[in-house]
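Student: I'd like to ask you about the structure that follows.
Taken together, the values in this text are just the output of simple stated rules run on the coordinates, not laboratory data. Note that this is a predicted model, so its numbers are computed, not measured. For neighbour counting, all protein chains shown are included, and Cβ atoms are generated from backbone atoms with ideal geometry for every residue, glycine included.
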Amino acid sequence: MKVIDAHIHFSDIKSFHHTAEELSFVDYSYDGHQKEFQNANVVLSIAMGLTETDNMGFPDYEARTPMGIDLEVKVPANIVYCAGINPYDLNEEGLERLKEDLQNPAVVGIKIYLGYYPFYAYDEVYEPVYALAEKYGVPVVFHTGDTYSERGLLKYSHPLAIDEVAVKHRNINFMMAHFGDPWTLTGAEIIYKNPNVYADLSGLIVGTEKELKKHSEGRFLDHLRHALVFADSYDKLLFGTDWPLAPVGPYIEFIKELIPGEHHEDVFYNTAIKVFPKIKPFLP
């Protein structure tokens, strides 16, 4: 089965290097990506644009919009990305740079980091971004749920706020990263109700294959299993890993166990093409 990973990272972020070295034990590099993803039959990865400029790490209020992917100078040909947004840099120059980026074939979407930056999805600051998303026919990906930084503010990353944006902007497809975890039941309602909202299943567990197996047992994922059944919207779900937060091969097996087999081709491949139409030329 061919796989599209709809949510990875390829940015020089301190916390990602730490996680790769100390928690997930993956080779977070150009060569590491190519070897690991080829072995797992992942034919394309969609990276989330993200940069940091100071010693505090992400969230970085000084980062330039649009944020890109800067792990290494050379980017693998099988990686495309979503342009990252810093809402503190959405002046005329920032929006013009974003407009230019969206004309790059490898920029297939826009990423907004709810929770990391203290603005709700429906805040007016993002309206020019939505206008450009509609103009260039790209989806908007929202970080939702828990933040990977204690400096995040969780009220801004609750998935309920996306309902208002989805209703207002019916011509844009939106994707909730991480299915709103731990508010997955709310996330389930949002994708069930709104035809233009999807969710990825990335970053649900951080760590090694052992950690994935450990947390698959017992009641740790009861809230997610409940939400998946409640939504009954497997055609609205996309596979993603949040690499380097977890190794890709074991994460594929982890998600396979959560999703009924008849929906695997959609979750692991087909729906990504629907949500990210610009990726078609990059597929083998």
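Student: Taking the beta-carbon count within 10 Å as an exposure proxy, list V26, V73 from fewest neighbours to most.
Tutor: Details: V26 20, V73 6.
So the ranking, lowest neighbour count to highest, is V73, V26.
Student: Let me ask something else. Under a straight-distance cross-link criterion of Cα-Cα below 30 Å, which lysines are reachable from K214, leaving out those fewer than 8 residues away in the same chain?
Tutor: Candidates past the 8-residue exclusion: K2, K14, K35, K155, K236, K256.
Student: Ok, one more. Just tell me, in residue order, which DSSP H segments of the chain are both 15 angstrom or longer along the helix axis (alpha-carbon based) and at least -1.0 in mean Kyte-Doolittle hydropathy. Write out the running numbers ahead of the final one.
Tutor: Working: long enough: 248-258 (16 Å, 0.51).
Going by DSSP H runs, the hits are 248-258.
Student: Please quote Rg/Rh for the chain to two decimal places, taking the Kirkwood radius as Rh and restricting both calculations to Cα atoms. Mind dumping the intermediate values first?
Tutor: Details: Rg = 17.1 Å, Rh = 18.5 Å.
Radius of gyration relative to Kirkwood radius: 0.92.
Student: Determine the distance separating the Cα centre of region 67-96 from the Cα centre of region 256-284; give it in Å without decimals.
Tutor: 24
Student: So what are the three principal axis dimensions of region 17-98 from its Cα atoms, in whole Å, longest to shortest?
Tutor: 43, 27, 18
Student: Oh, and also: Can you give the net charge of the other residues whose Cβ lies under 15 Å from the Cβ of L154, counting K and R as +1 and D and E as -1?
Tutor: Taking every Cβ under 15 Å from that of L154, the sum is -1.
Student: By the scheme Lys and Arg +1, Asp and Glu -1, what is the net charge of all other residues having a beta-carbon under 15 Å from that of G218?
Tutor: On the way: positive: K210, K213, K214, R219, R225; negative: E211, E217, D222, E257.
With Lys, Arg at +1 and Asp, Glu at -1, the net is +1.
Student: Oh, and also: How high is the relative contact order of region 58-101, in percent, counting Cα pairs under 8 Å that sit 6 or more residues apart? Mind showing how you got there, number by number?
Tutor: On the way: 38 pairs, mean separation 22.6, N = 44.
Here the relative contact order equals 51 percent.
Student: Classify region 242-284 as rounded, prolate or oblate, taking a ≥ b ≥ c as the square roots of the eigenvalues of its Cα gyration tensor: rounded when a/c is under 1.5, otherwise prolate if a/b is larger than b/c and oblate if not. Before the final figure, lay out the partial values.
Tutor: On the way: a/c = 2.63, a/b = 1.34, b/c = 1.96.
Note, shape of region 242-284 comes out oblate.
Student: Once you sort the root eigenvalues of the Cα gyration tensor of region 196-284 as a ≥ b ≥ c, which label holds: rounded (a/c under 1.5), prolate (a/b larger than b/c) or oblate (the other case)? Don't jump to the answer; show the numbers that get you there.
Tutor: Working: a/c = 2.17, a/b = 1.35, b/c = 1.61.
Verdict is oblate for region 196-284.
Student: Let a ≥ b ≥ c be the square roots of the eigenvalues of the Cα gyration tensor of region 1-157; is it rounded (a/c under 1.5), or, if not, prolate (a/b larger than b/c) or oblate? Let's see the in-between values first.
Tutor: Details: a/c = 1.77, a/b = 1.29, b/c = 1.37.
The shape class here is oblate.
Student: Out of residues 5 or more away from W243 or on other chains, whose amide H comes under 5 Å of its own, with H placed 1.01 Å from N in the peptide plane?
Tutor: Here the answer is H9, since their amide H atoms fall under 5 Å of that of W243.
Student: Sorting S11, S29, S24 on the 10 Å Cβ count, fewest up front, what's the list?
Tutor: Details: S11 21, S29 15, S24 25.
By the 10 Å Cβ count, ascending, the order reads S29, S11, S24.
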